[in-house]
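Since the structure comes first, as structure tokens, the remarks are kept for the end.
The values are calculated or read from the model by the stated rules, or taken from the named source; none is laboratory data. Please read all numbers here as calculations on a predicted model, not as lab measurements. Backbone-built Cβ (ideal geometry, glycine too); neighbour counts: all protein chains shown. What goes into the accessible areas is simple: the full protein's heavy atoms, side chains included, and nothing from ligands, DNA or RNA. Shrake-Rupley method; radii C 1.70, N 1.55, O 1.52, S 1.80 Å.
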Amino acid sequence: MTGSEGRRRGLFVTFEGGDGAGKTTQASLLEEWLSDAGRTVVRTREPGGTDVGVLIRDIVLHHRGGVSPRAEALLYAADRAHHVETVVRPALERGDVVIQDRYLDSSVAYQGAGRVLGRDEVRSLSLWAAEGLLPDLTVLLDLDPAVARDRLDADDKPFDRLEAERESFHTRVREEFLALATAEPGRFLVLDATLPAEDLAGAVRARVGALLG
Ligand code: TYD
């Protein structure tokens, strides 16, 4: 534990899962529930939770000329470093609840397993970027990539660089998320993303409520 970890008083909750799993909906429902209960919530995301991050997000998701896998991993890590230092850690030190769409598990799953850069190296890079900050709770919304693809198709938005990857890529990503959850059962809550949104929200509330005492 670093010195700044020791000053941490808030709660850090991340939502993870494949594209189209419903993370944003669940993050919003949790934010609403906590705000109604009088908690101060910082709702944020990676990539793109800061002004610098918005620029990085545009490169990693929309650059047409392609981005090499290592450059992609470094760009996500750069986004994370700036975001943690300027948004997440200050909020936790104030005692706020941080609710975040995606964090370092996305790097391990997408760059480590999807791009085949290796889980340990990518995790170390992310931990270095974030000065060791890990979430108190990570909600994994698990979904078959074929079902996710149908949801994204129905959305009618153009696919970004990662969403446009083939099914085998998204299957590796899904398997890596599940392996991460198995390796750290205390940090992860794994939910079946095909369940109704209200049931998922109830399960998330129960866990967050227990953590907040
Ligand atoms: P997201 O914001 O969930 O996309 P959307 O706005 O379309 O819901 O995430 C953007 C993409 O970035 C997503 O495909 C996953 C990918 N990603 C990584 O590959 N590595 C990372 O470290 C992070 C945070 C995201």
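Relative contact order for the chain: what is it in percent, counting Cα pairs under 8 Å that are at least 6 residues apart? Rounded, it is 31 percent for the chain.
Rounded to the nearest 20, the size of the Cβ-charge dipole of region 3-212 about its Cα centre is 540 debye, with Lys and Arg at +1 and Asp and Glu at -1. Lys157 exposes around 140 Å² of accessible area when a 1.4 Å probe is run over every protein chain in place. Pairs of Cα atoms in region 92-134 fall into 10 Å distance bins, from 0 up to the last occupied one, in shares of 29, 46, 20, 6 percent. Summed over the residues of region 166-213 and divided among them, the accessible surface reaches 53 Å² per residue at a probe radius of 1.4 Å.
Applying Stokes-Einstein at 25 °C and 0.890 mPa s to the Kirkwood radius of region 116-155, computed over alpha-carbon pairs, gives a translational diffusion coefficient of 189 µm² s⁻¹. Computed from the C-alpha gyration tensor, the three semi-axes of the ellipsoid equivalent to region 47-118 are 24, 14, 9 Å, from longest to shortest. For region 149-162, 3J(HN,Hα) computed residue by residue from phi via the Karplus equation (6.51, -1.76, 1.60; θ = phi - 60°) reads 4, 4, 5, 5, 4, 5, 5, 6, 9, x, 6, 7, 4, 7 Hz, glycine and proline entered as x. Surface composition of region 3-212: carbon and sulfur make up 52 percent of the accessible area, probe 1.4 Å. Its alpha carbons considered, region 66-173 gives a radius of gyration followed by a Dmax of 15.1, 42 Å.
Dividing the helix sum by the residues of the chain, where each DSSP H run of 4 or more adds -39500 (n - 2.57), gives a mean residue ellipticity at 222 nm of -15500 deg cm²/dmol. Using the average count of surrounding beta-carbon atoms within 10 Å as a protection proxy, the listed peptides 123-130, 33-40 rank, highest first, as 123-130, 33-40.
At the listed q of 0.12, 0.19 Å⁻¹, the Debye profile of the chain, built from one uniform point per Cα, gives log10 I(q)/I(0) equal to -0.60, -1.61.
Computed with a 1.4 Å probe over protein heavy atoms only, the accessible surface of region 22-141 comes to 43 Å² per residue.
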